[in-house]
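Encoded as structure tokens, the structure appears first; notes follow it.
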Amino acid sequence: MAGSGKTTLATQLFHDLNDSQVAHMDDFYDGWSDPFSAKMTARVTSQLLMPFAQGLPVNYQIFNWHLNRFDIKKQIGQSKYLILEGVGSSQRGFRNYLEKIIWIHCDPQIGFERVIVRDGEGVRHQMDKFLIDQNNHFAAELSENAADYTLNGAP
């Protein structure tokens, strides 16, 4: 859920786990218009999850939100753990590659306000639509039900 504390948790896990890497779903969305598209699922699977699972080099392009296009390339080295962080990271298309799924509960209004504080007023309109897309995605994917662990992201 947007603004629930996923990135904070992923950062803490990265520091606590020896030999880990973090990948952020925000790097894979193709902008605001259709963040949970089949193309995004295919991109994450083919560029990140499959190569990592096969012990191959992982290279992918990061979406540049200011330029509204993919541009910078990122490389992730092999490690014992890959932490996939972000809304949409527990969808069915990824579950064969996932060891554990963590769901973070958060009041939607608190999460929304956290995003605005973090990213600025300029994203308010886009976030209104993103939250609808997010909720539709969670309902279709039964994301919360797939979680191995559930945490409370409320302060």
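Numbers for the structure displayed
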{"item": "When residues of the range 45-84 are limited to those that are surrounded by 13 or more Cβ atoms within 10 Å (Cβ to Cβ) and among the β-branched types (V, I, T), the one nearest to G31 (Cα to Cα)", "result": "I62"}
{"item": "Count of the range 121-139 residues which are of a type in the set (D, E, K, R) and free of Cβ contacts under 8 Å to residues at least 40 places away in the same chain", "result": "3"}
{"item": "Matching residues, the range 76-104, being under 14 Å from M40 (Cβ atoms) and either charged (D, E, K, R) or in contact with a Pro (Cβ under 6 Å, 6 or more places away or on another chain) (or both)", "result": "R92"}
{"item": "Pick from the range 3-42, criterion in contact with a Gly (Cβ under 6 Å, 6 or more places away or on another chain) and among the polar types (S, T, N, Q), ranking: farthest from W103 (Cα to Cα)", "result": "T41"}
{"item": "Near pairs, Cβ below 8 angstrom, 6+ apart or cross-chain, from the range 142-155 (surrounded by 11 or more Cβ atoms within 10 Å (Cβ to Cβ)) to any residue that is part of a loop (DSSP other than H, G, I, E, B) and among the polar types (S, T, N, Q)", "result": "S143/S90; S143/Q91; A146/S90; A147/S90; G153/S4"}
{"item": "Residue within the range 23-33 that is at pLDDT below 95 and small (G, A, S) present", "result": "yes"}
{"item": "Filtered residues of the range 1-44 (kept if among the polar types (S, T, N, Q), under 15 Å from the mean Cα position of the chain (by Cα), surrounded by 15 or more Cβ atoms within 10 Å (Cβ to Cβ) and closer than 23 Å to L151 by Cβ)", "result": "S4, T7, Q21"}
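The values are calculated or read from the model by the stated rules, or taken from the named source; none is laboratory data. The model shown is predicted, which means the values in this text are computed figures rather than measured ones. For neighbour counting, all protein chains shown are included, and Cβ atoms are generated from backbone atoms with ideal geometry for every residue, glycine included.
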